Amino acid sequence: MKKARISAALLAASACFACSLKAQQEVLENQQSSPGPLTQWLECDRMLGDCGGPRKFLEEKGVEFFGGYTAEVWGNTTGGIERGTVYTGLLDFGVNLDLEKLAGWKGASFSTTWLWLSGRDVSEDKVGNFLTVSSIAGFNTLRMMEMWFQQNLLDDKISIRLGQITADSEFLISDYGATFINGTFGWPAAVSTNVPNGGPAYPQGGPGVRVALTPVDWFTYQAAAIEGDVFAQNVNRHGFRWRLNQQFGYFLINEAQFRWNHRDDETGLAGQLKIGAWFHTADFAASSGDNTYWGDSGYYAIVDQQLFREPSTETAAITSRDAKAVVSPDGKSTSKSFKEPVKLEKSSQGLGWFGRVSFDPQDRNFVGFYFDTGLVYTGLIPGRDDDVLGVALGYADLTNGAAQTLFDEGSRQAGYEAVLEVTYDAQLTKWLHLQPDLQYIMRPGGTGDLGNALVLGGRISVTF
């Protein structure tokens with residue numbers, strides 16, 4: 001009897017020990033599979049994460065708060081006005097309301113964006129060029145840039161936006177060109193130098209309306225009519241100064257967009273073509289300064305084309321242990337039968353090219369011909385799949401009248417300005433980017449009065 005009790009006790013102890021080992025193993029596996037607080041934070045889409053829960057709750061109800069901060073440091077090493085270093089900062093924030101989720105209003109939305117600009121503009125202070133080095137530089141102030149209501153109809157085939165809007169958020173923009181920091185690769189000098197105070201574009205919007213039609217998924221036509229003069233930044237300090245009349249005119253822009261190979265079932269290289277024109281209804285002085293014309297215009301074309309796409313990493317399937325499903329290398333079941341092919345998503349890595357050209361009347365503009373082009377590679381370095389390397393060239397040719405006026409004022413070799421930019425956007429986390437940048441400015445101001453400038457610097461941006 002005593003031996004039986006001892007044996008039972010030993011068996012029980014062995015069972016407890018085995019259970020303890022299994023429990024410890026499960027704890028270790030859970031610890032390995034469950035990331036720590038620091039890892040979870042770094043893997044968040046935004047620096048503030050879910051803010052303890054309210055952000056996710058509000059977004060499910062249709063309320064999305066957004067914000068971020070961008071800081072830049074620029075140093076002019078040679079040429080231009082003088083050598084030196086400046087700091088440029090931008091705090092942007094706002095809210096998007098999905099009125100369908102919030103109030104049951106189908107297809108309706110509301111958005112407002114505010115800016116707090118700080119620091120200096122290296123182009124104005126150190127270089128003297130109009131193809132501005134920084135795309136965020138501006139007059140230091142707190143400003144409302146956009147505030148609009150949008151109504152979509154017929155499953156988003158029709159979209160109407162009304163309120164304070166900007167043209168550069170939807171028109172005349174290259175997707176690949178948005179990689180670069182120089183302002184001309186966003187809102188190009190072909191418009192910013194030719195319309196009053198740069199036109200309705202960052203950092204100043206104007207009251208207007210935009211209509212977009214997308215009858216098929218590969219084609220969109222959109223048009224907008226916006227306040228013609230948004231005033232100087234130091235005059236319209238906070239974004240609430242408006243004047244709609246014929247004296248100040250109206251800025252009108254139309255654009256047709258054609259897309260190919262954008263659907264998931266299309267295997268070709270994706271691309272798009274945009275063709276558009278803008279028109280301004282105010283009076284404009286002649287570029288030679290001796291006459292006045294009614295109205296101004298410009299015509300442009302943009303191409304974004306993927307040249308090479310890396311193959312998907314999920315190119316193979318393996319059999320699960322129970323031999324009842326096909327699973328991808330990451331362990332997620334992708335097919336219930338060996339006869340069903342594994343669906344592969346298109347890779348976002350690869351090489352893309354953009355080109356943009358614009359023509360403007362010679363008799364009433366500062367820039368008559370504009371051209372930019374560039375190459376962008378996403379995920380060039382192994383293990384850095386979301387990093388982007390880019391090189392771009394922008395060229396702005398002065399009109400004959402503008403060049404003659406500069407020559408008469410004592411400038412020499414007036415004719416054009418150009419910029420070459422090399423940049424690398426490193427995604428440190430989903431909410432933190434570091435982007436070193438080099439820009440070589442040729443003929444600052446469009447003349448030979450200032451030496452070519454080499455500007456080094458970059459930006460760091462945080463998404464809240």
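The values are calculated or read from the model by the stated rules, or taken from the named source; none is laboratory data. If you're wondering where the values come from, they're calculated on a predicted model, not measured in any experiment. Positions of Cβ are backbone-derived with ideal geometry, glycine not excepted, and every protein chain shown enters the neighbour counts. What goes into the accessible areas is simple: the full protein's heavy atoms, side chains included, and nothing from ligands, DNA or RNA. Shrake-Rupley method; radii C 1.70, N 1.55, O 1.52, S 1.80 Å.
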* Structure fact -> Out of (1) open to solvent by 70 Å² or more (accessible area, probe 1.4 Å); (2) closer than 25 Å to Gly183 by Cα, the one Trp41 does not meet is (2)
* List every residue pair whose Cβ atoms lie under 6 Å apart, where the two residues are 6 or more positions apart in sequence or sit on different chains, the first residue falls within segment 451-463 and is more than 16 Å from Leu438 (Cβ to Cβ), and the second residue, located anywhere, is at pLDDT below 95. => Val462/Met47; Thr463/Arg46
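When you go through Thr405, Thr378, Thr373, Thr463 one by one, which is the residue that is hydroxyl-bearing (Ser, Thr, Tyr), out of contact with any Leu (no Cβ under 7 Å at 6 or more places or on another chain) and within 28 Å of Ile253 (Cβ to Cβ)?
Values: Thr378 fails: within 28 Å of Ile253 (Cβ to Cβ); Thr373 fails: out of contact with any Leu (no Cβ under 7 Å at 6 or more places or on another chain); Thr463 fails: within 28 Å of Ile253 (Cβ to Cβ).
None of the other options fit; the residue is Thr405.
Quick check, is Asn182 out of contact with any strand residue (DSSP E or B) (no Cβ under 8 Å at 6 or more places or on another chain) and open to solvent by less than 60 Å² (accessible area, probe 1.4 Å)? Before the answer, list the steps.
Working: out of contact with any strand residue (DSSP E or B) (no Cβ under 8 Å at 6 or more places or on another chain): no; open to solvent by less than 60 Å² (accessible area, probe 1.4 Å): yes.
Considered against the rule, which asks whether it is out of contact with any strand residue (DSSP E or B) (no Cβ under 8 Å at 6 or more places or on another chain) and open to solvent by less than 60 Å² (accessible area, probe 1.4 Å), Asn182 comes out as no.
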* If a residue has to be aromatic (Phe, Trp, Tyr) and within 16 Å of Met442 (Cα to Cα) to count, how many in segment 374-427 make the cut? -> 2
* To do: Output the qualifying pairs, or none if there are none: Cβ atoms under 6 angstrom, residues six or more apart or on different chains, first residue in segment 240-268 and touching a residue at least 24 places away in the same chain (Cβ under 8 Å) and at positive phi, second residue surrounded by 15 or more Cβ atoms within 10 Å (Cβ to Cβ) and not in a loop (DSSP other than H, G, I, E, B).
  => Gly249/His280; Gly249/Thr281; Gly249/Ala282
* To do: Name, by its number, the condition in (1) closer than 23 Å to Val191 by Cβ; (2) buried (at least 19 other Cβ atoms within 10 Å of the Cβ); (3) at pLDDT 95 or above; (4) in contact with a Gly (Cβ under 7 Å, 6 or more places away or on another chain) that does not hold for Ala403.
  => (3)
* Structure fact -> Here the qualifying pairs (Cβ atoms under 6 Å; residues six or more apart or on different chains; first in segment 346-365 and open to solvent by 40 Å² or more (accessible area, probe 1.4 Å); second among the charged types (D, E, K, R) and in a strand (DSSP E or B)) come out as Arg364/Asp296
* Asked: Which pairs do you get when a residue that is touching a residue at least 24 places away in the same chain (Cβ under 8 Å), found in segment 199-214, comes within reach of a residue that is among the basic types (Lys, Arg) and surrounded by 22 or more Cβ atoms within 10 Å (Cβ to Cβ), reach meaning Cβ atoms under 6 angstrom, with the pair 6+ apart or on two chains?
  -> Arg210/Arg161
* **Test: Leu48 is free of Cβ contacts under 8 Å to residues at least 24 places away in the same chain and not β-branched (Val, Ile, Thr)** => no
* To do: For segment 363-377, indicate whether the set of residues that are charged (D, E, K, R) and modelled with pLDDT under 95 is non-empty.
  => yes
* Asked: What strands (runs of 3 or more DSSP E) completely inside segment 99-189 contain at least 1 residues that are more than 30 Å from Ile460 (Cβ to Cβ) and among the hydroxyl-bearing types (Ser, Thr, Tyr)?
  -> 108-119, 158-165
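For segment 414-450, which positions are part of a loop (DSSP other than H, G, I, E, B), exposed (fewer than 15 other Cβ atoms within 10 Å of the Cβ) and free of Cβ contacts under 8 Å to residues at least 60 places away in the same chain? Reasoning before the result, please.
To start, the set of residues in segment 414-450 that are part of a loop (DSSP other than H, G, I, E, B) comprises 414-415, 430-431, 443, 447-450.
Subset that is exposed (fewer than 15 other Cβ atoms within 10 Å of the Cβ): 430, 448.
Hit for segment 414-450 is Gly448, nothing else.
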* Can you tell me which residue among Ala232, Ala282 is among the aliphatic types (A, V, I, L, M) and surrounded by fewer than 18 Cβ atoms within 10 Å (Cβ to Cβ)? => Ala232
* Structure fact -> Conditions (1) surrounded by 15 or more Cβ atoms within 10 Å (Cβ to Cβ); (2) over 30 Å from Thr141 (Cα atoms) -> Phe219 fails only (1)
* To do: May I ask you to verify whether Asp45 is modelled with pLDDT under 95 and in contact with a Cys (Cβ under 9 Å, 6 or more places away or on another chain)?
  => no
* To do: Could you figure out which of (1) surrounded by 15 or more Cβ atoms within 10 Å (Cβ to Cβ); (2) closer than 30 Å to Glu43 by Cβ isn't true of Gly394?
  => (2)
* Look through segment 113-149, keep the residues that are under 24 Å from Arg243 (Cβ atoms) and of a type in the set (S, T, N, Q), and return whichever of them is most open to solvent (accessible area, probe 1.4 Å). => Asn140
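Go through segment 257-295 residue by residue and tally those that are assigned to a loop (DSSP other than H, G, I, E, B), over 16 Å from Ser347 (Cα atoms) and charged (D, E, K, R).
Restricting attention to segment 257-295, the residues satisfying the condition of being assigned to a loop (DSSP other than H, G, I, E, B) are 261-270, 286-291.
After this cut, where a residue has to be over 16 Å from Ser347 (Cα atoms) as well, the list is 286-291.
In the following step, the residues that additionally are charged (D, E, K, R) were identified as 290.
So the answer is 1.
Can you say whether Ala108 is open to solvent by less than 20 Å² (accessible area, probe 1.4 Å), in contact (Cβ under 8 Å) with a residue 12 or more places away in the chain and farther than 30 Å from Leu273 by Cβ, as far as the supplied structure shows? Outline the logic, then answer.
On the way: open to solvent by less than 20 Å² (accessible area, probe 1.4 Å): yes; in contact (Cβ under 8 Å) with a residue 12 or more places away in the chain: yes; farther than 30 Å from Leu273 by Cβ: yes.
Judged against the criteria, Ala108 is a match.
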* **Those residues of segment 190-236 which are out of contact with any strand residue (DSSP E or B) (no Cβ under 8 Å at 6 or more places or on another chain), assigned to a loop (DSSP other than H, G, I, E, B) and closer than 23 Å to Arg356 by Cα, in sequence order** => Ala201
* Structure fact -> Ser411 passes all but one of the listed conditions (1) under 17 Å from the mean Cα position of the chain (by Cα); (2) polar (S, T, N, Q); (3) assigned to a loop (DSSP other than H, G, I, E, B); the exception is number (1)
* For Glu100, work out the one condition from (1) in contact with a strand residue (DSSP E or B) (Cβ under 6 Å, 6 or more places away or on another chain); (2) open to solvent by 10 Å² or more (accessible area, probe 1.4 Å) it doesn't fulfil. => (1)
